[in-house]
1. At 1.4 Å probe size, with every protein chain present, just tell me what the per residue accessible area of segment 38-88 comes to in Å².
2. Report the extension gain between Thr84 and Glu7 in nm, rounded to one decimal, defined as 0.36 nm multiplied by the number of residues separating them, less their alpha carbon distance.
3. Quick one: if you take sqrt(5λ) for each eigenvalue of the C-alpha gyration tensor of segment 1-94, what semi-axes come out, biggest first, whole angstrom?
4. Do you know the relative contact order of segment 26-100, to the nearest whole percent, from alpha carbon pairs under 8 angstrom that are 6+ apart?
5. Can you find, among Pro49, Gly74, Val102, the residue sitting farthest towards the positive end of the charge dipole of segment 33-123, where Lys and Arg contribute +1 and Asp and Glu -1 at Cβ?
6. Using a Förster distance of 22 Å, how high is the FRET efficiency between Ser29 and Ala73, based on the Cβ-Cβ distance and rounded to 0.05?
7. Given charges of +1 on the Cβ of Lys and Arg and -1 on the Cβ of Asp and Glu, with all other atoms neutral, how large is the dipole of the chain about its Cα centre, in debye to the nearest 20?
8. Asp19 to Glu50: FRET efficiency via 1/(1 + (r/R0)^6), r the Cβ-Cβ distance, R0 25 Å, to the nearest 0.05?
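The values are calculated or read from the model by the stated rules, or taken from the named source; none is laboratory data. In this text, all values refer to a predicted model and were calculated from it rather than measured experimentally. Note: ideal-geometry Cβ built from the backbone for every residue, glycine included; neighbour counts use all protein chains shown. Heavy atoms of the whole protein, side chains included, go into the accessibility calculation; ligands, DNA and RNA do not. Shrake-Rupley method; radii C 1.70, N 1.55, O 1.52, S 1.80 Å.
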Amino acid sequence: ALEADPEYVGLDFSELTPDWTSKAGFYASTVPALQARARWCRNWLRSRPEREIVVVAHGDILRYMTDGFNSGAGWANAEVREYTFEKEAEDDVQGEAWLRRVKEVARKGVDEPTSSEIAGVGM
């Protein structure tokens, strides 16, 4: 459906697997699955050739990507933050690809609870 939408012409959807909306396995909302998915996302981002990448995501996965767990740190709707990697891939023997916050770029909206916070999942 996304590939057929004219608004998304030119975007590469080849990385999406048929189960990407399943909420099971790799996409589950369990703490281990969220940690593994966040690690995968960080490493994938670090492997990209682009120097600047925009990530649009829900607060739940953003917390796991930036803090390593559901820290409860607020993410406002339409908030923009800048991050960099703590280590280059060759120096990261654990393969965690941890991020270091550089600055807050823009903030629109207010911090609101995420779906996991409302449901008490993954916390």
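1. On the way: 3190 Å² over 51 residues.
It amounts to 63 Å² per residue over segment 38-88.
2. Working it through step by step, the gained length comes to 24.8 nm.
3. Semi-axes from the Cα gyration tensor: 22, 18, 16 Å.
4. Taking the mean separation of contacting Cα pairs over the length of segment 26-100, I get 32 percent.
5. Selected residue: Pro49.
6. Working: r = 18 Å, r/R0 = 0.81.
The value I calculate is 0.80.
7. Working: 15 positive and 22 negative charges, 67 e Å.
The calculated dipole for the chain is roughly 320 debye.
8. Values: r = 27 Å, r/R0 = 1.07.
Computed FRET efficiency for Asp19 and Glu50 comes out at 0.40.
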